[in-house]
Amino acid sequence: MQRDEHPFFFTWSAQKKAAPMEITGGQGAWFDTKDGERWLDFGSLSYQANLGHGQRRIADAIKKQCDELLLTVPSGLYPAKTALAKALLAKAPAGFTKVFFTLGGSEAVENALKIARLVTGRHKTLSRYRSYHGATMGALAISGDYRRPVLEPAMVGAVHVLDCYESRTPGGALVVEGGGSAESIARTMELEGPRSIAAVFVEPVPGQNGCLVPPPGYWDALRASCDAHETLLVADCVLNGFGRLGTYYGFESLGSASPDLITVSKGITGGYAPLGAVLVHERVARHFDDHVLYAGLTFYGHPLGVAAGLEALRIYDEEDLVARASTLGQSVARSIAALQDRHPATLPRTRSKGLLAALDIAGDDARFAAVAKALSDARLYVHPNKQARTIVIAPPLVSTESDLAEGFARIGRVIAAV
Ligand SMILES: Cc1ncc(COP(=O)(O)O)c(C=O)c1O
């Protein structure tokens, strides 16, 4: 029996309050919906559409793969799988030698958790409060934001620490916020018991929680604390990766330290097929030469995702999109600063890194809801985070300067009117 018009669940929503969107197509930074509206995508949909809309090359690569091979086994060998693993590792810091394929970001984090536990023999993790690492129970347990508490207990040993980030105030001064610091992480690791944490999981720059850019030195200090406790450092680059922060995986923009594991998804295919991966440094990977890797998935390295990923990586390179993100990021930072300085009472704090940015909105929930609605009415697609009262933006890397100018003009009109 069909219960109502939509016989499937909408995610992260009471079903009666869901706001479905019927996307019919698009080009570049723009997409169309069935009601005839044209939206400017300032969020890269769910942060995966780094390559924008209407990428024929990826659709064609998937079609070609359909003609060649679709059905294989997790241990299956075929050229595109090897080529993609090599291409991913080639962009990682020196010493990364193995890839574990998944179908998405949560599964990448989940398998990074397993790898860390198997290698260290420890079960505790350390992660930050204003973070999101995925919806599966392990990934949710280490996430810090509002999505976790309702499902607890999730996983024993998931320790959380306060955040540490720099915000711009009107006029341009930077303030460090969040209550945490690199020192407090080092102290927490001591207090939890020296050498007791399997891994520290961090989004280099937490995304949906408000583009929380850590102060200079934080990332490298984190590495030093992990080294002191023989703890693995996992960079969750599911959202930060593939140029979003103006560097390939994201953490490169924060310091010189290299993590032990890197989790990726979203931009790996530009969103055109499901795929994720864990990139593993040789100092970790070598453990599994003689020890069983207790992890696997039926659709491990499925040809559809792999074909899409391989073509996406070629596009990032051939169109020099990571450098483009860095250049466009400077323009985003300028536009945000100008907006904030024009509306200091409404925008007390802003942050940006590459093509990821956030505008904190002053006032109560009702005012925040009014801003979010007005942006939607203006057909600008952004990510309102009502818990943090911040609007997160993440335009596709293929956006033009005029797309960005148009988006900021729409934001400017909304801010001026509320
Ligand atoms: C940093 C981070 N990690 C993990 C995930 C989970 O990825 P997925 O939704 O593909 O499972 C997300 C999703 O937004 C994310 O932003």
Computed [θ] at 222 nm, deg cm²/dmol, the chain (DSSP H ≥ 4; -39,500 (n - 2.57); rounded to nearest 500)
-10500 deg cm²/dmol
A correct Kirkwood calculation over the Cα atoms of segment 59-318 returns a hydrodynamic radius in Å of 18.7 Å
What nm distance separates the two modelled labels at A19 and D364, each placed 7 Å from Cα along Cα→Cβ?
2.0 nm
When DSSP beta bridges are limited to those with both residues in the chain, what percentage is antiparallel, rounded to the nearest 5?
65 percent
Restricting things to Cα coordinates, could you compute the convex hull volume per residue of segment 122-247 in Å³?
111 Å³
I'd like to verify something in the chain: which complete DSSP H helices, judged by Cα projection on the helix axis, reach 27 Å or more and average at least -0.5 on the Kyte-Doolittle scale?
321-342
Enumerate the amide H contacts of F242 below 5 Å, restricted to partners 5 or more residues apart or on another chain; note that Pro and chain-start residues carry no placed amide H.
Y249
Using only the alpha carbons of segment 307-384, what is the convex hull's orientation-averaged projected area in square nanometres?
6.7 nm²
Given the options L310, P215, Y165, identify the residue whose Cα lies farthest towards the positive end of the charge dipole of segment 59-318 (+1 on Cβ of Lys, Arg; -1 on Cβ of Asp, Glu).
L310
Segment 1-76: trypsin sites (Lys or Arg not before Pro) falling in loop per DSSP and having at most 11 other Cβ within 10 Å:
R3, K34
Checking the a/c ratio against 1.5 first, then a/b against b/c, what shape does the Cα gyration tensor give for segment 1-80?
oblate
Under the Kirkwood approximation for Rh and a Cα-based Rg, what ratio Rg/Rh is obtained for segment 1-136?
1.02
So how strong a dipole does the chain carry about its Cα centre when Lys and Arg Cβ are +1 and Asp and Glu Cβ are -1, to the nearest 20 debye?
360 debye
How many percent of all Cα-Cα pairs in segment 261-397 sit more than 28 Å apart?
41 percent
What percent do you get for the relative contact order of segment 59-318 when only Cα pairs under 8 Å and 6+ apart count?
27 percent
So the number of lysine pairs in segment 59-318 with alpha-carbon atoms under 30 angstrom apart, 8 or more residues apart or on different chains, is 26
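A short reminder: the numbers here are calculations on the coordinates, not readings from a lab. Predicted, not measured: the structure shown is a model, and the values here were computed from it. FYI the Cβ positions are ideal-geometry reconstructions off the backbone, even for glycines, and counts take in every protein chain you see.
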